[in-house]
Amino acid sequence: MSDIFISYSSKDREKAEQLTELLASAGLSVWIDQSGLDVSTSWSAEIVDAINNCHAFIVLLSPNSIESHNVIKEVSLASEKRKKILPLDLEPITLPRELEYQLAGIHRAPMTNIDSIIRALGKLGLEATQAPTLKLVKETDSRKSLMILPFEDLSPTADNEWFANGIVSELINVLGNVKALKVMDAATTKEYKSYKGHLTNYAKEMGIRYFVQGDVRKFGDQIKISSRLLDIETSDHLWQDSLRGTMLDIFDIQEMVAKNVVEGLKIILTPEEEQKIEDKITENAEAFELFLKASEYFSRHTKPDYERSRSLLEEAVLLDPKFVKAYANLAIVANQIYAFYDRDPHVLDLASKALEAVKNIEGETWSYYHGLSSIALLRTEFEEAIRFARKAIELNPNGKLAYDALAKGLNEVGEYEEGTWAFEQAVRLNDKELTAHFNLLTNLQEKADTQRLNSAAEKAIPIYERHLRLNPDDYNTYVQLATIWAMIGSTQQALIAASRIPKIELLDGQTLYNLACLYMLCDDPRQAMHCLRQSFAKGFNAIHIFRSDPDLATLRGTPEFEELMKELEEKIAEEKNV
């Protein structure tokens, strides 16, 4: 009798054999079919016996396996025999109907997360006798890496940065639909603005080969967008072009730039990808302009800017009642206002109405369910939040934000292990994103899971340090790095990282609050109170967070802290009366 049966598609044989050898090196016995039954017309009695006799059943999920009749039969039999099933993702997939019943509600892990697999098998009663002596051979990413650099605003009035940023953001969104491309996200593009070094060095650090550079000129209704595609390895400009028109032509210009990138990289689009490039988020140029301005205000993260963003989005949907993305962003803005500034339930009602409009226009998409999950979290309806997040992940297994929402909901109901797993999925989907790492680390710290905290920190710290080498003036990130050092007990390293911030006045309100929490971790309540006051002065007045955050527990009740809370309450009451 083998401990483990592995079900897989013959097209994924190499990965199945890698996992078999790795588990065997940890002292676990594994049964794996070697006959390639995917191409057979019979179903071996040997396989049936192996499933009957195994203690745990692992199924490797991929686009190949979910179409394999034999894999579906094996999973069905394992479920019927009430075997302990562990699904592993070779690639994120949506379960087909044939597997939904058997695997619904069972947590899936990526095959690359061996520590998680060993822990899961241990919970099923299969303890490894030693650490694995082999490692998985990591696949290289065959996609072409691309980054849209910030476009320069060359407008005569030099006040159209919102337009330049918006064009870049939309190009990132559109090109992100091309499977052959690995496109850096908008946050990375924004961070590049503070980079002072040579582009070649940046490309090497980030592992990016292709860059789109550009500039915009806008005067009144007239626009000109110039762009070029650079191959950093050869220093060749693969194409460059300038397109002129009015705001009414903006959608055609964006489509042309995106297609130029694809053609320059010699990528053949599928009909679906081509359609996504041609799709317009709105037909109304004025509504689009309001949408771009709203996005710029939102990025500033202050209450007045959030309110301005909300107002502009409300104008946009009045001009175009079918503007799905404007409704979706309106829900996000309302959530942020509620989370950090205004606990009025009517704010969440606005978010709900915006999401209902999204549903009425494009149906129940993954982003719709993710939005519902975010609202449920803010309403402390945690079971609902979990249900909505699971639905979002089912519709889009690559949706990192849905894993974040799922993790937060699970933690609130005490399901810390699965919550940690969900945060790990978010990291897996974008291992260069700092926030994903920080969420995972915070979760592990709250669980006092020292071993896994140290392991996760070991992976995260080099990513933070690389980011800061490239963006030495990103003082907000110094605070996060310092906090990570404090989490793992390296107080001296934490204070060194914090000391690299020349003036805390350079930080935004939310980061100042985080710095206060850091100083509490470093047992410096005097500095913590100073940062809290600075945070309040910068407009961060989330009194419910001040009152509930465990990091501030020892400050609460002190005269200085209570005096600040009184000031906050008076400020909030004054704003409500205006």
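Residues with amide H under 5 Å of Trp239's amide H, sequence separation 5 or more or different chain, H placed in the peptide plane at 1.01 Å from N; which?
For Trp239, the qualifying residues are Leu229.
With all protein chains present, how much of the accessible area of the stretch 1-128 (probe radius 1.4 Å) comes from carbon and sulfur, to the nearest whole percent?
47
Given a Förster radius of 25 Å and the C-beta distance between Asp349 and Ile543 as r, what FRET efficiency does 1/(1 + (r/R0)^6) yield to the nearest 0.05?
Plugging the Cβ-Cβ distance into 1/(1 + (r/R0)^6) gives 0.70.
Considering only protein heavy atoms, with the full assembly of protein chains and a 1.4 angstrom probe, order His69, His370 by accessible area, largest first.
Ranked list, largest accessible area first: His69, His370.
Using the Karplus curve 6.51 cos²θ - 1.76 cosθ + 1.60 with θ = phi - 60°, what ³J(HN,Hα) values do you get for each residue of the stretch 542-555, in whole Hz, with x for Gly and Pro?
7, 4, 5, 6, 4, 7, 10, 4, x, 4, 9, 4, 6, 7
Taking the Cα-to-Cβ direction at Glu356 and at Thr554 and moving 7 Å from each Cα, how far apart do the two end points lie in nm?
If labels sit at Glu356 and Thr554, their model points lie 4.9 nm apart.
Quick one: compute the contact order of the chain, relative version, from alpha carbon pairs under 8 angstrom and 6+ residues apart, as a percent.
Contact order relative to length: 8 percent.
Okay, helix-only estimate at 222 nm for the chain: each DSSP H run of n ≥ 4 adds -39500 (n - 2.57), divide by all residues, round to 500 deg cm²/dmol; what do you get?
-18000 deg cm²/dmol
How far is helix 416-429 tilted off the main Cα axis of the chain, in degrees rounded to 10, range 0 to 90?
It is inclined by approximately 80 degrees.
For the chain, take the alpha-carbon Rg, divide it by the Kirkwood Rh, and send me Rg/Rh.
Dividing the radius of gyration by the Kirkwood radius yields 0.98.
Tilt of helix 69-80 relative to the longest C-alpha principal axis of the chain, in degrees (0 to 90, nearest 10)?
Approximately 80 degrees, to the nearest 10.
Under a 5 Å amide H to amide H cut-off, with H placed in plane at 1.01 Å, what residues pair with Ser7 once short-range neighbours are removed?
The answer is Ile58, Val59, Leu60.
Determine the share of the stretch 194-269's accessible area contributed by carbon and sulfur atoms, expressed in whole percent, with a 1.4 angstrom probe.
49
In whole Hz and in residue order, list the ³J(HN,Hα) couplings for the stretch 274-288 that follow from phi through the Karplus curve 6.51 cos²θ - 1.76 cosθ + 1.60, θ = phi - 60°; x for Gly and Pro.
With coefficients 6.51, -1.76 and 1.60, one gets 4, 5, 5, 5, 7, 4, 9, 6, 7, 9, 9, 5, 5, 5, 5 Hz.
So what are the ³J(HN,Hα) numbers for the stretch 195-200, from phi and the Karplus equation (6.51, -1.76, 1.60; θ = phi - 60°), rounded to whole Hz, Gly and Pro as x?
Listing the rounded values in order: 6, 9, x, 7, 4, 4 Hz.
Give, rounded to the nearest 20 debye, the magnitude of the charge dipole that the chain has about its Cα centre when Lys and Arg contribute +1 at Cβ and Asp and Glu contribute -1 at Cβ.
Its charge dipole is roughly 780 debye.
Along the charge dipole of the stretch 363-413, pointing to its positive end and built from +1/-1 on Cβ of Lys, Arg, Asp and Glu, which listed residue (Gly363, Val413, Ala402) has its Cα farthest out?
Comparing the listed Cα positions along the dipole, Ala402 ranks first.
According to the Cα gyration tensor, what semi-axes, each the square root of 5 times an eigenvalue, does the equivalent ellipsoid of the stretch 476-540 have, listed from largest to smallest in whole Å?
Equivalent ellipsoid semi-axes, largest first: 18, 12, 9 Å.
When only DSSP loop residues count, what trypsin sites (Lys or Arg not before Pro) in the stretch 92-200 have their Cβ near at most 14 other Cβ atoms within 10 Å?
Sites meeting the loop and neighbour criteria: Lys135, Lys138, Arg143, Lys179, Lys193, Lys196.
What does the extension gain come out to for Trp239 and Gln451, with contour length at 0.36 nm per residue minus their alpha carbon separation?
71.3 nm
I need the semi-axes of the equivalent ellipsoid of the stretch 434-578: take the C-alpha gyration tensor, multiply each eigenvalue by 5, square-root it, list largest first in whole angstrom.
28, 17, 14
Given a Förster distance of 22 angstrom, what is the FRET efficiency for Glu567 paired with Leu506, based on the Cβ-Cβ distance and rounded to 0.05?
Result of the calculation: an efficiency of 0.45.
Per the Kirkwood formula on distinct C-alpha pairs, the Rh of the stretch 394-455 is how many angstrom?
Result for the stretch 394-455 stands at 11.5 Å.
Could you list the trypsin sites (Lys or Arg not before Pro) in the stretch 443-532 that lie in coil according to DSSP, counting only those with at most 11 other Cβ atoms within 10 Å of their Cβ?
Answer in residue order: Lys503.
Percent antiparallel among DSSP beta bridges with both residues in the chain, to the nearest 5?
Once the DSSP bridges in the chain are tallied, antiparallel ones form about 45 percent.
Please go through the stretch 228-266 and write out the trypsin sites (Lys or Arg not before Pro) that DSSP classes as loop and that have at most 11 other C-beta atoms within 10 Å.
Taking the stretch 228-266 and a limit of 11 other Cβ atoms within 10 Å, the loop trypsin sites (Lys or Arg not before Pro) found are Lys266.
The values are calculated or read from the model by the stated rules, or taken from the named source; none is laboratory data. Computed from a prediction, not measured in an experiment: that's the story for all the values here. Cβ sites come from the backbone with ideal geometry, for glycine too, and all protein chains shown count toward neighbours. With ligands, DNA and RNA removed, areas are computed over all heavy atoms of the protein, side chains included. Shrake-Rupley method; radii C 1.70, N 1.55, O 1.52, S 1.80 Å.
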